[in-house]
Amino acid sequence: MRFKFLALTLFTFLVFNCKQPKAYLSKIEGKQIQIADTLTSDSQIEAFIKPYREHIQKKLDSVLAYSMHTYSKSEGEFNTAIGNFMADAVFDEAFPIFKSRTGKNIDMVLLNHGSIRSNISKGKITFKTAYELMPFENSIIVVALKGTQIDSLVSFLCKAKMAHPISKLKVVINKNFDVVETTINGQNIEPYKIYYVATNDYLYNGGDDMNFFKPNEGIYRLNYKIRNALIDNFKEVDTIEPLRDDRFIQLK
């Protein structure tokens with residue numbers, strides 16, 4: 001009897017106190033399921049999604065403005081009509097917001113050529129046009145820079161040899177890409193004057209190798225997306241007909 005009791009006690013101890021072996025993941029298996037017409041849709045999910053899809057599609061198809069021509073970012077070596085439109089639109093929409101909050105003026109705008117993701121086609125401009133043109137969630141930031149940093153900005157533009165969109169800044173270079181003239185709002189750039197430059201958060205953080213925004217004399221976040229500025233501008237102007245001009249040119 002005593003032996004049975006000891007055996008039972010030992011068995012209970014082993015069951016509840018011995019560590020169980022750990023399980024380890026040794027292999028993951030999966031298979032690719034081709035999305036094709038043979039896959040049947042779920043009628044309940046489709047019924048749930050349908051009103052949202054229709055609402056979004058109706059919103060995207062809403063007409064904002066009209067474009068007189070088709071515009072592409074490839075049409076211009078140092079400035080393009082579409083880039084000029086975008087930079088000017090950001091200036092026009094951000095300026096009153098910045099002015100009302102700070103009492104200061106935006107002096108110029110700098111965006112990047114790579115952020116222009118589609119053409120503006122001749123005809124109706126819709127919300128969809130704005131989302132295709134600017135699919136990113138970049139927001140407008142105003143950076144306070146001294147004139148000496150503006151010189152670095154201009155030097156970057158000359159070396160980049162690309163039509164980065166600018167507004168209120170004028171740059172003239174010679175055939176050797178040396179700067180002949182630079183002005184902001186028609187005035188020579190003063191080395192120690194503070195200029196307020198509207199750009200986007202991607203470029204402010206060094207995107208496209210634009211490393212001249214830091215250090216600075218202050219930053220102002222408008223919480224206003226570039227895309228929303230374009231949409232607001234489309235609504236206001238009704239018809240767009242931007243042009244290439246002399247804001248960034250090379251002398252022959």
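The values are calculated or read from the model by the stated rules, or taken from the named source; none is laboratory data. All of these numbers come straight from a predicted model, not from anything done at the bench. FYI the Cβ positions are ideal-geometry reconstructions off the backbone, even for glycines, and counts take in every protein chain you see.
Among the listed residues I194, I184, which satisfies the condition of being touching a Phe, Trp or Tyr at 6+ places or on another chain (Cβ under 8 Å) and either of a type in the set (A, V, I, L, M, F, W, C) or modelled with pLDDT under 95 (or both)?
Working: I194 fails: touching a Phe, Trp or Tyr at 6+ places or on another chain (Cβ under 8 Å).
Just one listed residue meets the conditions, I184.
In this structure, is T148 hydroxyl-bearing (S, T, Y) and over 20 Å from the mean Cα position of the chain (by Cα)?
Working: hydroxyl-bearing (S, T, Y): yes; over 20 Å from the mean Cα position of the chain (by Cα): yes.
Yes; evaluated as a whole, the condition is true for this residue.
Which pairs turn up if I take residues in the stretch 136-147 that are of a type in the set (K, R) and look for partners that are surrounded by 18 or more Cβ atoms within 10 Å (Cβ to Cβ) and modelled with pLDDT of 95 or more with beta carbon separation below 8 Å, at least 6 apart in sequence or on another chain?
Final answer for the pair search is K146/Y195.
Please verify whether Y224 is over 15 Å from K168 (Cβ atoms) and out of contact with any helix residue (DSSP H, G or I) (no Cβ under 9 Å at 6 or more places or on another chain), treating the condition exactly as stated.
no
Among D61, D107, D88, which is touching a strand residue (DSSP E or B) at 6+ places or on another chain (Cβ under 8 Å), modelled with pLDDT of 95 or more, farther than 17 Å from K225 by Cα and among the acidic types (D, E)?
Working: D61 fails: modelled with pLDDT of 95 or more; D88 fails: farther than 17 Å from K225 by Cα.
Criteria check complete, one pass: D107.
Being at pLDDT below 75, within 36 Å of the chain's Cα centre (by Cα), acidic (D, E) and assigned to a loop (DSSP other than H, G, I, E, B), is that true of even one residue in the stretch 28-40?
Taking every residue of the stretch 28-40 in turn, at least one turns out to be at pLDDT below 75, within 36 Å of the chain's Cα centre (by Cα), acidic (D, E) and assigned to a loop (DSSP other than H, G, I, E, B).
Confirm whether Y202 is in contact (Cβ under 8 Å) with a residue 12 or more places away in the chain, aromatic (F, W, Y) and assigned to a strand (DSSP E or B).
On the way: in contact (Cβ under 8 Å) with a residue 12 or more places away in the chain: yes; aromatic (F, W, Y): yes; assigned to a strand (DSSP E or B): no.
It is false that Y202 is in contact (Cβ under 8 Å) with a residue 12 or more places away in the chain, aromatic (F, W, Y) and assigned to a strand (DSSP E or B).
Give the number of residues within the stretch 96-115 that are out of contact with any Gly (no Cβ under 8 Å at 6 or more places or on another chain) and in contact (Cβ under 8 Å) with a residue 24 or more places away in the chain.
We begin by selecting, within the stretch 96-115, every residue out of contact with any Gly (no Cβ under 8 Å at 6 or more places or on another chain); these are 96-110, 114-115.
Pick out the ones that are also in contact (Cβ under 8 Å) with a residue 24 or more places away in the chain and you get 97-98, 101-102, 104-110, 114-115.
Within the stretch 96-115, residues that are out of contact with any Gly (no Cβ under 8 Å at 6 or more places or on another chain) and in contact (Cβ under 8 Å) with a residue 24 or more places away in the chain number 13.
Looking at the stretch 151-159, is at least one residue of a type outside the set (F, W, Y) and under 15 Å from the mean Cα position of the chain (by Cα)?
Filtering the stretch 151-159 down to residues of a type outside the set (F, W, Y) leaves 151-155, 157-159.
Imposing the further condition that a residue be under 15 Å from the mean Cα position of the chain (by Cα) reduces the set to none.
No, the stretch 151-159 contains no residue that is of a type outside the set (F, W, Y) and under 15 Å from the mean Cα position of the chain (by Cα).
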